[in-house]
Amino acid sequence: LAACGDAEPRAPEPSWSVVAESPAAALLSVHGSSASDVWLVGADAGDGPLVLHWDGSSWERKSTDLRGALWWVQAHADGDVYMSGSDSHVLRYRDGTFERLPTPELDTVVFGVWANTRDDVYAVGGEQGSNGFIWHHDGESFRELPLPDDLPTGESSDPPGFFKVWGRASDDVWVVGALGTVLRGDATRGFSIVSAGGEDSLFTVHGDANDVAIVGGFSNGIVLEDHGQGLVPIQPDNPDALHGTHIGHGWTYVVVEDPDAHCARARAAG
């Protein structure tokens, strides 16, 4: 210690570690409102969808009393947690209780949910990359929103499926999906197409007050970024499919599908 003098101690290098494992059911989404409020959701191995909660000291499995996979989760600082998945499930966890919000359909997959407030909730999904929908919950019930007339269509002439929804504010909501579809709008004004310049599926969208990032692709990864001047394609360092993204602290984080090892990569936004 004497030899160190007045040198500042070095902070440990950040590293990845395993915090939860599920051999029987895949983990499909993670979100949290703080370091002591983290949620993991996933597939159904026969005893209901996997829902795990971290309270800062231990993981606890939560029972939803439903069947089917959960594909997405969003946690709020006020304690509300929103989840969506198969069989048109949109769940809200509040005060220790799960509530299934009534939805327009009972036989589709809700791949994404985003809640701005308790009376401003969006859900999106579809089946096998088609028959996409956008639902909006006003605090009382969901209603299906109209889609743009000029949406791209597949071989069956059905609208593309939608995979994720995220909003910067109540009047600035983004939806991404199959056939390179990007929509922007809100429940009041409606949605319009944002030119993305491709036809590969786009799986996730996220952003902050200034930037938006969208990722997707199959054999070749796709990254689109908007810094206020429209979507611009970014060539990722890794060409494999990109399934998830999150913007935070000046970085765009992406989840890379690697045939040998699933991992997370990051690149500086902008």
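List of remarks:
- Screening region 192-212 for residues that are polar (S, T, N, Q) and crowded, with 16+ Cβ neighbours inside 10 Å and picking the one that is farthest from Ser130 (Cα to Cα) gives Thr204.
- Of all residues in region 71-124, those satisfying the criterion of being more than 21 Å from Asp208 (Cα to Cα) and among the β-branched types (Val, Ile, Thr) are Val90, Thr97, Thr103, Thr108, Val109, Val110.
- In region 12-24, the residues that are without any contact (Cβ under 8 Å) to a residue 12 or more places away in the chain and under 20 Å from Ser58 (Cβ atoms) never reach a residue that is part of a loop (DSSP other than H, G, I, E, B) and hydroxyl-bearing (Ser, Thr, Tyr) with C-beta atoms less than 8 angstrom apart, at least six apart or across chains.
- Residue within region 175-189 that is on the phi > 0 side of the Ramachandran plot, buried (at least 20 other Cβ atoms within 10 Å of the Cβ), touching a strand residue (DSSP E or B) at 6+ places or on another chain (Cβ under 8 Å) and among the aliphatic types (A, V, I, L, M) present: yes
- Those residues of region 38-75 which are of a type in the set (Asp, Glu) and closer than 19 Å to Glu99 by Cα, in sequence order: Asp44, Asp47, Glu60, Asp65
- Of residues in region 96-120 being touching a Leu at 6+ places or on another chain (Cβ under 8 Å) and part of a strand (DSSP E or B), the one surrounded by the fewest Cβ atoms within 10 Å (Cβ to Cβ): Glu99
- From the options Gly154, Gly207, residue that is more than 20 Å from Val113 (Cα to Cα) and at pLDDT below 95: Gly154
- Among the residues of region 182-204, those that are among the small types (Gly, Ala, Ser), over 22 Å from Gly221 (Cβ atoms) and more than 18 Å from the chain's Cα centre (by Cα) comprise Ala187, Gly190, Ser192.
- Residue within region 140-149 that is open to solvent by less than 40 Å² (accessible area, probe 1.4 Å), aliphatic (A, V, I, L, M) and part of a strand (DSSP E or B) present: no
The values are calculated or read from the model by the stated rules, or taken from the named source; none is laboratory data. Just so you know, these numbers come straight off a predicted model, no measurement behind them. Cβ sites come from the backbone with ideal geometry, for glycine too, and all protein chains shown count toward neighbours. Heavy atoms of the whole protein, side chains included, go into the accessibility calculation; ligands, DNA and RNA do not. Shrake-Rupley method; radii C 1.70, N 1.55, O 1.52, S 1.80 Å.
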